[in-house]
Amino acid sequence: MIGNEYFTFETGQATDVGCRRTVNEDSFLSRPESGLWVVADGMGGHAAGDFASQTIVKELYSIGMPGSADDLHARFGERLVRANETILEHAEALDRGTIGATVVALLIHGSDYACVWSGDSRVYLFRDGHLVQQSRDHTEVRALLDAGSITEDEAENWPRKNVITQAIGVSEQPNCDIVTGVAQVGDRFLLCSDGLTEHIHDSEIASFLRIHDAQSACDALIQETLARGAKDNVTAIVVNCLPPPPIEDDEMMDGMDQLA
């Protein structure tokens, strides 16, 4: 476990190719020492979708140790721009049309958190027994729901339900949304690809997060998705915000010496 002065981070992570695919186009990254967790879901098939998601993770792996929340956000943005450029160049070289990847990221510095996303991979916050989706799907069906053009019941069986409206690698600049907040001890975040939420409802996700630790929750969510047919690749990261480690005695003595 790794943390900062506010939290100790317990991270769980798991991925699976699913029951119908032969290539896992999902990629993920956990860098608790940097305050960064990422799930990317590629689109475009083998040598395209997997390349796109892996490129995002590869760029973000080098994020280093930010000095502030603003620095963390800037480093994240710079690397996402580079990933976007690399994916565009790869698509041109393949000459097979548009390729790309959705991305969802959790950034924590101090007690401040930010959820950044493009596409339909999701991030949830489980706090005080309540699960709240932090991201808002960039999908055609979500846009129709927001406009009042279709009902929730119609959305369940909408023929273009999985059509996304934003992703990394499909435009000249990466387009992302962001929500920010202040994390608390006891918070649990879940980042996942849509392969999970296609089969597991929010109320069920809450139950898994309520009874499991970080790694067990990921494993259980993946196994349940597989048991329900797992039409797509499926990936989950769970981040538990636990109390910070106690201050060591020598650190306390150093502080007292400085006060004296």
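Looking only at segment 111-132, count every residue that is farther than 16 Å from Thr11 by Cα and in contact with a strand residue (DSSP E or B) (Cβ under 9 Å, 6 or more places away or on another chain) and tell me the total. So the answer is 14.
For segment 99-145, a residue qualifies if it is under 14 Å from the mean Cα position of the chain (by Cα) and of a type in the set (Lys, Arg), and the qualifying residues are Arg122, Arg136. Restricting attention to segment 1-25, the residues being surrounded by fewer than 17 Cβ atoms within 10 Å (Cβ to Cβ), in a loop (DSSP other than H, G, I, E, B) and either of a type in the set (Asp, Glu) or touching a Leu at 6+ places or on another chain (Cβ under 8 Å) (or both) number 3. Taking segment 187-260 as the region of interest, the helices (runs of 4 or more DSSP H) fully inside it that hold 1 or more residues being under 20 Å from Cys115 (Cβ atoms) and modelled with pLDDT of 95 or more are 194-197, 202-211, 214-227. Are any residues in segment 143-170 in contact (Cβ under 8 Å) with a residue 24 or more places away in the chain and assigned to a loop (DSSP other than H, G, I, E, B), and if so, which ones? Scanning segment 143-170 gives Asn162, Val163, Thr165, Gln166, Ala167, Gly169, Val170. When Val57, Val81 are checked against the criterion of being aliphatic (A, V, I, L, M), part of a helix (DSSP H, G or I) and surrounded by fewer than 18 Cβ atoms within 10 Å (Cβ to Cβ), a single residue qualifies: Val81. Filter segment 88-139 down to the residues that are among the aromatic types (Phe, Trp, Tyr) and out of contact with any Ser or Thr (no Cβ under 6 Å at 6 or more places or on another chain) and list them by number. Those that are among the aromatic types (Phe, Trp, Tyr) and out of contact with any Ser or Thr (no Cβ under 6 Å at 6 or more places or on another chain): Tyr113, Tyr124, Phe126. From the list Gly77, Gly49, the lone residue that is touching an Asp or Glu at 6+ places or on another chain (Cβ under 6 Å) and of a type in the set (Gly, Ala, Ser) is Gly49.
Quick check on Ala48: is it more than 14 Å from Leu190 (Cα to Cα), touching a helix residue (DSSP H, G or I) at 6+ places or on another chain (Cβ under 8 Å) and modelled with pLDDT of 95 or more? It is false that Ala48 is more than 14 Å from Leu190 (Cα to Cα), touching a helix residue (DSSP H, G or I) at 6+ places or on another chain (Cβ under 8 Å) and modelled with pLDDT of 95 or more.
If only residues of segment 1-33 that are more than 15 Å from Ser121 (Cβ to Cβ) and in contact with a His (Cβ under 9 Å, 6 or more places away or on another chain) are counted, the one that is modelled with the highest pLDDT is Gly12. Could you tell me whether segment 158-168 includes any residue that is surrounded by fewer than 18 Cβ atoms within 10 Å (Cβ to Cβ), under 27 Å from Phe9 (Cβ atoms) and touching a Ser or Thr at 6+ places or on another chain (Cβ under 9 Å)? No, segment 158-168 contains no residue that is surrounded by fewer than 18 Cβ atoms within 10 Å (Cβ to Cβ), under 27 Å from Phe9 (Cβ atoms) and touching a Ser or Thr at 6+ places or on another chain (Cβ under 9 Å).
The values are calculated or read from the model by the stated rules, or taken from the named source; none is laboratory data. All values derive from a computational prediction rather than experimental measurement. Cβ atoms come from the backbone with ideal geometry, glycine included; neighbour counts cover every protein chain shown.
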